[in-house]
Structures are given as structure tokens and as C-alpha cells.
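Data first, discussion second: the structure below is written as C-alpha cells.
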Amino acid sequence: GALVTEKVRGLGATPLNIDGEQFVYHLETRDIEASAIINECNVKGKGIATPTGEVGVWLDTPLIDMIHGEGTLEKRLPAMFRMFEKFGIDMRKEPILIYPTLHYQNGGFLINDKGETKIENLFVAGECAGGIHGRNRLMGNSLLDIIVFGRRAGKNAGAKSKEVEVKDLTLNHIAEYHESLKANGVETDRVSPMLLPRYRHGADKQN
């Protein structure tokens with residue numbers, strides 16, 4: 001699959017199920033829109049099956065030209081129009097199949113204005129940092145996360161590195177981790193603590 005910009009919905013393209021019904025308002029926030037699509041496909045069973053066995057819903061892109069006039073889609077979404085055209089799909093005349101994907105996540109390590117976490121010498125920027133966007137990131141705000149806080153984290157990490165006293169490296173924390181698991185009756189094949197969870201499907205079956 002390929003990312004479909006939210007500008008498509010913003011211009012009026014509406015999500016439709018297999019019966020051609022609009023099941024969610026097309027200008028909802030991304031979390032609500034994604035939840036509604038997943039529910040329509042996986043709970044209500046009203047998704048459209050693809051040759052690969054996946055399901056999705058229609059995004060009625062022809063509505064864009066119907067609402068704003070002929071040529072709008074090609075003019076306002078030229079890159080997306082060309083991308084689908086390569087696969088023999090004319091977005092002006094036929095809808096496209098969509099399904100939510102993990103593109104960006106909110107949350108992660110709590111940081112201060114320097115990009116510092118509560119873990120000594122650990123600086124974080126980007127989507128693994130929390131507290132910048134609140135509960136729902138606005139479109140385009142990832143640049144703030146990456147560029148502004150990336151620069152701050154890098155600058156402050158560089159300064160801090162000059163003060164760090166290098167000690168003998170050990171794996172004592174791994175031994176302590178396993179002792180804690182044993183004491184609490186936890187059985188797992190994980191060899192060390194995880195700072196961030198795995199988000200990809202099926203990742204829990206991998207080491």
C-alpha cells in the first residue's frame with residue numbers, strides 16, 4: 001500500500017462500505033476515521049475484499065471533481081493522481097481502496113524542553129517522545145517533533161556527552177531484570193527489558 005494524504009478527505013472524498021453507504025463523516029479526526037474503518041471491515045464485515053485477502057473500504061475520490069469542478073483532483077493532488085494512474089486507476093472516475101496503517105504515533109518517553117528523559121543520558125526526539133502534541137497530533141506537526149526537538153535533543157546530548165564519565169560496562173541490569181521476573185513469577189523468552197513496545201502485527205511472535 002501507499003500513503004493517501006488527508007487532503008483527499010479534506011477535498012470531499014467520502015469513505016464508503018461494500019454497500020456504498022457512508023458509515024463515518026469524512027472530516028473526522030484520523031483516530032476516529034481509522035477506528036470507524038477498522039470497525040466496518042473487521043466487526044461489521046462490510047469491507048471490500050482484495051485479491052490478496054486483505055479488506056478495505058472505498059474512498060469516493062470522484063466526488064472531488066463533482067464538488068469542486070472538473071480538473072480539481074488532478075490539479076490539487078497531482079502526485080497522488082499520477083501514482084494511482086501507474087496502476088491503471090483513474091481517481092477522477094473510480095474510487096480507491098483504503099485501510100488504516102500506523103503512520104505516526106503519539107506518545108513515548110516524557111521529555112523536557114531539552115529533549116531529556118528521566119533516564120540519565122537518554123535524549124529523545126521524534127515520535128518516540130511524548131508530551132509535545134497532546135492527545136491528537138495535527139497534520140504536519142511531525143516537523144516540530146523531528147526538526148525543532150531533534151535539534152534541541154542533539155545539541156543538549158552533545159553538551160552532556162562532554163560531562164559523562166565513562167565507567168566499566170556491565171550486564172548487571174540484565175541479571176537484575178531476570179531476578180525480578182523470577183521473583184514475580186513471570187515467564188518470558190525476552191532477554192532484556194524493552195524501552196518501547198512492538199507495534200507491528202505479529203511482532204510479539206518474533207525475538
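The values are calculated or read from the model by the stated rules, or taken from the named source; none is laboratory data. In this text, all values refer to a predicted model and were calculated from it rather than measured experimentally. As a convention, Cβ positions derive from the backbone with ideal geometry for all residues, glycine included, and neighbour counts pool all protein chains shown. Heads up: the accessible areas ignore ligands, DNA and RNA and are worked out on the full protein's heavy atoms, side chains in. Shrake-Rupley method; radii C 1.70, N 1.55, O 1.52, S 1.80 Å.
Starting from residues that are hydrophobic (A, V, I, L, M, F, W, C), surrounded by fewer than 18 Cβ atoms within 10 Å (Cβ to Cβ) and touching a residue at least 12 places away in the same chain (Cβ under 8 Å), keep the ones in region 133-156 and report whichever is nearest to residue 7 (Cα to Cα). If you could, list the steps in order and put the result at the bottom.
Residues of region 133-156 that are hydrophobic (A, V, I, L, M, F, W, C), as a first pass: 138-139, 143-144, 146-149, 153.
Restricting the remaining residues to those that are surrounded by fewer than 18 Cβ atoms within 10 Å (Cβ to Cβ) gives 138-139, 143-144, 146-148.
Within this subset, residues satisfying the condition of being touching a residue at least 12 places away in the same chain (Cβ under 8 Å) are 139, 144, 146.
Details: 139: 10, 144: 20, 146: 22 Å.
Among those that are hydrophobic (A, V, I, L, M, F, W, C), surrounded by fewer than 18 Cβ atoms within 10 Å (Cβ to Cβ) and touching a residue at least 12 places away in the same chain (Cβ under 8 Å), it is 139.
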Unique match (being in contact with a strand residue (DSSP E or B) (Cβ under 9 Å, 6 or more places away or on another chain) and of a type in the set (Asp, Glu)) among 116, 120
116
What number of residues within region 1-25 are among the aliphatic types (A, V, I, L, M) and under 15 Å from residue 63 (Cα atoms)?
4
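Return yes or no: is residue 7 more than 23 Å from the chain's Cα centre (by Cα), surrounded by fewer than 16 Cβ atoms within 10 Å (Cβ to Cβ) and in contact (Cβ under 8 Å) with a residue 24 or more places away in the chain?
Numbers: more than 23 Å from the chain's Cα centre (by Cα): no; surrounded by fewer than 16 Cβ atoms within 10 Å (Cβ to Cβ): yes; in contact (Cβ under 8 Å) with a residue 24 or more places away in the chain: yes.
So residue 7 does not fit the description; no.
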Would a scan of region 103-111 turn up a residue that is surrounded by 10 or more Cβ atoms within 10 Å (Cβ to Cβ), of a type in the set (Val, Ile, Thr) and assigned to a loop (DSSP other than H, G, I, E, B)?
yes
Subset of region 112-127, residues assigned to a loop (DSSP other than H, G, I, E, B) and open to solvent by 40 Å² or more (accessible area, probe 1.4 Å), comes to 112, 113, 114, 118, 119, 120, 121, 122, 127
